[in-house]
Amino acid sequence: MLRRLTAAALMGTALTGFAHAAGSDFSPADGGIREVTLSSGGLAEVVRSARVRGTGTIVIEVPLEQVDDVLKSLVVRDSAGSVSGMSIGGASQVEETFRKMPFSPEDLGDVSRLVGSIQGTTVKATSGGRSVQGKTLGVSKSKGTDGQDVRTLSVLTDDGTIQTLDLSSDASIHIVDESMRRKVAEAAAALGKGKVDGARTVEIRVAGQGEREVGLSYVVPASVWKTAYRVVSGMNGGKARLQAWAVIENSTGEDWKDVRVTLSSGAPVTLRQRLHQRYWRDRPEVPVDTSAGQVPPVDGGAMMRLQEARAGALPTIQGAPSAPMMKSLRGGSANVAAEMVMAAPSDAVEATEGDVSASYPLPKAVDLASGDTLSVPIVDAEVKAERVSVFRPGADGSHPVSALRIRNETGASLPPGIVTVYDEHEGYVGDARLPAMAKGIERMASFATDRKVEISSSEKPEEEITQVTVADGLLRATRRTRAVVSYTVKGAPDSPRKVVIEHPKRDGWTFRASVPEEGEVPGAHRIVVGVSAGASAKVEAVHELTNDESVRLADVDADMLLHWTNGVADPRMAEKLRKLADARSSLAAAEAEIHEVDAQVQRIGADQGRIRENLKAVPAQSELAAGYVSQMRDQEQEISSLAKRRKELEETVRKQRNAVGGIIKTF
């Protein structure tokens with residue numbers, strides 16, 4: 001945004017009043033605003049000028065809230081002279097005035113406080129029809145008989161008598177001391193000025209030879225200028241008419257008369273600092289040393305070591321088409337043939353492209369009263385434009401959004417702004433937002449819901465083993481997971497559609513689709529499908545994720561081995577895995593039967609413990625005791641059979657483990 005030098009103060013509340021050169025024949029009319037550059041970042045550069053003869057002082061009035069910005073950014077443009085500096089009134093004249101006064105601003109509003117704060121000053125006080133005169137000793141406060149506060153002035157008269165006077169509401173004080181009267185008057189004047197103090201006088205001292213024009217530039221906050229676009233679509237050849245209007249306000253505090261205005265799309269870094277405010281560095285207080293002190297030792301002669309310590313011009317923005325594209329702007333039903341016509345700007349704007357922004361200097365000087373708004377066309381061009389329907393799953397229900405895909409073919413960057421979309425025949429169709437666009441960039445402006453198109457989707461997860469290898473007793477398997485989303489697009493019954501589906505991305509997954517992919521936007525893949533009038537189309541979007549796994553064959557169970565067998569391309573490898581799965585299955589069955597035998601033995605042992613306890617409680621020769629003994633005899637025989645079966649199973653397990661190990665060795 002800053003052009004030429006640096007400085008720039010501007011629009012947001014630039015200088016009020018006028019600039020003049022002291023000691024010259026300068027006319028106040030020469031000191032107005034000459035140029036203003038507005039940035040979409042909320043800053044502006046103001047350029048003023050004054051005619052100076054030889055050495056002189058340029059004086060301008062600055063709003064108090066802008067003094068910091070002027071101190072930060074003021075640049076003097078004087079190729080035939082030099083600048084020695086500038087001076088500005090203090091940040092707080094009231095504070096500075098009262099620093100040297102024996103009283104405070106609050107004291108001035110209370111007679112008793114004021115006279116009490118100027119002790120030693122000769123005054124004549126009158127209250128309640130009685131007067132005293134002398135040097136003030138102070139004002140005391142006490143309670144009267146009615147409970148109200150009573151303030152009593154004490155003075156020392158010329159003959160050494162101390163007199164007192166109660167100060168009532170009718171009290172008047174005449175300050176006899178001339179010096180103190182001047183101080184009170186100065187303080188009162190400072191307070192009065194402070195109430196209406198909204199500006200500071202800035203004096204810039206310049207030196208040089210002869211009469212010359214001296215420019216002043218400074219940067220201050222400004223109201224942000226806006227862009228409102230109009231676009232008419234539906235033209236032949238995939239084109240649209242794009243027109244941009246800038247909306248600017250004069251917030252400088254003074255009228256613009258014949259001011260050159262430039263609009264910048266830049267968004268510079270903006271900083272503030274209170275340069276006009278006083279700061280005092282804290283200093284630690286060192287106590288006065290009153291101790292007796294010590295006699296320093298005699299220097300022993302030790303050696304002491306000293307330590308050292310661009311803005312290049314671009315082609316002019318395209319103007320209006322050479323022939324009228326449309327003949328009238330009429331409302332009405334769809335049966336009435338109505339064509340949109342936008343009038344071309346009377347003066348073309350020549351844009352310049354910088355490293356970080358584009359500038360749009362208005363072709364004619366501007367007259368604009370303070371506080372008023374101006375809207376002017378700054379872009380008028382034919383650009384490539386295509387109508388599409390954009391579907392964002394989960395965000396727009398079952399209908400896509402109608403959008404206009406616009407390519408910036410204007411030759412310069414376009415600022416962001418709101419867009420009013422017209423159709424060449426239908427008229428107004430919706431509003432949209434257009435982001436900032438560098439030249440040659442395409443962006444989509446979504447303006448309405450396309451209720452004639454309906455889209456549904458379904459998702460099916462899939463998983464498969466794509467490769468299995470075995471080496472050194474390790475099985476390595478490659479697993480592919482697929483998330484398949486099927487979109488069904490039911491087109492409009494009366495016209496074809498180009499549908500753009502923004503399919504959500506999955507980080508780390510690969511992507512492919514059954515229709516062409518236009519690329520990616522943040523968080524989504526854009527896939528495109530054309531649908532004829534009254535037709536439907538199906539689109540499949542596939543995300544894939546591949547994972548590799550490694551396990552020891554000796555630790556893999558039969559079910560997992562059979563699962564991996566499906567992914568083995570080598571038939572011999574697949575057969576070995578099936579044999580290994582059978583062996584692992586037999587081994588697992590034998591081990592499971594051993595566990596069952598052990599469980600039965602534990603149950604019988606628990607039952608025998610119960611029977612032994614019962615035998616202790618019944619007569620030894622009783623019929624019940626004989627029954628318990630018979631049960632235990634049967635259980636012992638069962639335990640014996642189970643023990644024999646366990647030995648057989650242990651041998652089976654040993655053989656199956658050997659078989660598993662033997663098969664693994666064959667891989």
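Odds and ends about this structure:
- Mean separation of Cα contacts under 8 Å (6+ apart) over length of region 122-176, as relative contact order %: 41 percent
- For D423, nonlocal amide neighbours, meaning residues 5 or more places apart or on other chains whose placed amide H falls under 5 Å from its own, are S233, Y428, V429.
- For the pair S370 and N547, a Förster radius of 45 Å applied to the C-beta separation gives a FRET efficiency near 0.05, rounded to the nearest 0.05.
- Point-to-point label distance, S179-R130, nm (Cα→Cβ direction, 7 Å offset): 3.2 nm
- Working from Cα pairs under 8 Å separated by at least six residues, relative contact order for region 558-665 is 38 percent.
- Karplus 3J(HN,Hα) series, Hz, for region 497-506 with 6.51 cos²θ - 1.76 cosθ + 1.60 (x for Gly, Pro): 9, 10, 9, 10, 9, 9, 7, x, 7, 10
- With both labels modelled 7 Å from their Cα along Cα-to-Cβ, the D494 to A626 distance reads 10.7 nm.
- Measuring nothing but how far apart in sequence close Cα pairs (under 8 Å, 6+ apart) lie, relative to its length, region 405-535 scores a relative contact order of 18 percent.
- Charge dipole (region 514-667, unit charges on Cβ, about Cα centre) - positive-most of G609, A574, A625: A625
- Of the GluC sites (Glu not before Pro) found in region 94-169, those that fall in a DSSP loop while having at most 11 other beta-carbon atoms within 10 Å are E106.
- The protection proxy used here, the mean number of other Cβ atoms lying within 10 Å of each residue, ranks peptides 217-224, 114-121, 475-482 as follows, highest first: 217-224, 114-121, 475-482.
We did not get these values from a lab; they are worked out from the coordinates using the rules stated. No experiment lies behind these values; they were computed from the predicted model shown. A quick note on method: Cβ atoms are made from the backbone with ideal geometry, for glycine too, and the neighbour counts reach across all protein chains shown.
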